1. Distances longer than 24 Å among the Cα atoms of segment 19-118: what percent of all pairs is that?
2. Rounded to the nearest Å, what's the spacing between the alpha carbon centres of segment 510-534 and segment 149-224? Just the number, please.
3. First measure r as the distance between the Cβ atoms of residue 497 and residue 314, then evaluate 1/(1 + (r/R0)^6) with R0 = 30 Å and state the FRET efficiency to the nearest 0.05.
4. Restricting to DSSP H runs of at least four residues, report the calculated mean residue ellipticity at 222 nm for the chain, -39500 (n - 2.57) per run over all residues, nearest 500 deg cm²/dmol.
5. Using only the alpha-carbon atoms, how far is helix 470-490 inclined from the longest principal axis of the chain? Give it as 0 to 90 degrees, nearest 10.
6. Rounded to the nearest 0.05, what FRET efficiency is calculated for residue 641 and residue 517 with R0 set to 45 Å and r the Cβ-Cβ distance?
7. Just to confirm the number: angle between the C-alpha axis of helix 300-343 and the first principal axis of the chain, 0 to 90 degrees, nearest 10?
8. Provide the gained length on full extension for the span residue 275 to residue 27, in nm with one decimal, where the gain is 0.36 nm per separating residue minus the Cα-Cα distance.
């Protein structure tokens, strides 16, 4: 092993040179970045302060910040983004530390197969970038504002480039383990953003709307599955906090993250994400069960019986929700959870029949008396609900006392617990009957029978099926929360509609994939290098077999002026999705505003649509249309002014106020057409406050963004492997396969030796790839970078962690 001084002297000059170069690029880029109306500068200053204090803090802060720090809808910059500034700072500090500090431990080592895969994939990325970029286009106003630009190859390539840049610091950091808490912090922030978005737009309880949640991922402005891929990549990592060295605060945080994350995943209504999370769950279950089958005293028949019992519980709860709604479902879940807790405790079997009869009688008599009163309460104060709550609280108090004292159950406490459980069972049936009559009784009775079966099996005196420990209670709470989320959302109108259309959607996706292959050039050069990174949107624009023309925007320079040209989309069937130019504006409700702009056109089509809408990224609501009537086309500029009333736009408390955006779109016929726009302004009635930034387009796309709300196929190949083949040919696809195979082999080896982190990472990467069966994923750089970072982290999991977590 080399001495610390030897290592430092060998890396000092290259490391300092890299750090200085990265810092210089950061300062140069910051000079041009649009910082107006942005919190980016203070965020960067705080991040730099963090790295000065804790140079290894980037391993936590970077995965926590990458999914959330997305300002493209406000800045208009989506080729060079705020995450690139963050990464430049990160890499500059990391290489400085690498050059000036001796390593505290030997550097991590990559498996040989992974190193080969990284090298091959790097060559494939270089070839694909060159193919997509060359011949080098001019650096004009349109170089970095649309996906048809050849510079889009650099935007796609930067995810792998940043992963390579961060690989040496990652190899030499002994504090790599804080990467996972960073990922889970990012998950919490994204889940909270999703919760806010669902609250503000379709409504938190509205499960029939087709609203597409995007959270902070601006890359979904042309569709795609950035949110789906991120949730598939991060949710399985919760397994580490749930199972490894459980602590109270971490168990609580993991349960809260589980609820928020699963809610975010379910309300995407993405069948690909559902499949990815199901695959992750199956991988976790497989390894957990495989490890437990090695334990003495655990028979396979118990596992089979447990699986069958779980399926029966799922079937009963589904019917309970269908007949009794949320309240009946909650009562049944809590009853089954109570049975699980009691079944893990030492209860005398002989007390069970008498306690059940006594508890039932003690509940029925006061219940009938309460129901006979003229004012029997309303809502949760109605007799079945109130008595269920009283029984639950009584049972919780008895169980809590016994668990905290860690002493054998007194005979009286056991009898009280069983009587309270019997009260819960009777109230569950009563709630079902109260909600839906006799037709709801059989699911409730089935739930009660299953709960009694759980209780009687444990009371029979055989070997226990489980033991009530903190980990078991955490798992039970997690299961209850999941059931309360999964069953109602999966049974909602929009979810059932999505599943019913799966066959037709799959046929459409297969047709799209065949068309993607048909658009590629023939011959061995394309097979070796693909069409080039980032070239799919441009290839679709010029070669799609439907002969459709997706919308396009470009900035045109003339002496002393620059203006915007909107090319309207043209569809063979005569109509289709528009390309909308967007800018965030701050409005007051029920206030008049003056909208003005210059317009030029040479034909009757297209027409111009301008409106103000509540919108985050996709799917606007409460729009106010501008009363714009264009003059007959004559090829000259004309000035238009009109007054708009904001109506409800800008209303609401600060945390529930929906963002407002100005939308500009050109709508044409089958042949599209173009229209020119300049000097766009939005003023208040005083004429003093300009609400539009860069309305004359002199700074090209600064502060302007765009979206295609519903038509997403022109922008994405819609398959992870197909996208790799399209952009980098067979070498790119095979190199990724080699890298993934080496990673999976490494993780499986660790998982077989009881490494919980390996199981979680394997489930995360597997779920991500399942989502990739139906979407490209790597065409969103921040998602690609997080995928690559997790993959590299997985490869660096050390053998020293193998026996840390016995099942």
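Coordinate-derived values only; no laboratory data. Keep in mind that what you see is a predicted model, and the values were worked out from it rather than measured. All Cβ positions, even for glycine, are placed from backbone atoms using ideal geometry, and neighbour counts span all protein chains on display.
1. Result for the distance tail: 32 percent.
2. A separation of 28 Å, based on Cα centres.
3. 0.90
4. Value at 222 nm, helices only, nearest 500: -19000 deg cm²/dmol.
5. Tilt relative to the chain: about 60 degrees.
6. E(calc), rounded to 0.05, equals 0.35.
7. For 300-343 against the chain, the angle is about 70 degrees.
8. Working it through step by step, the gained length comes to 84.9 nm.
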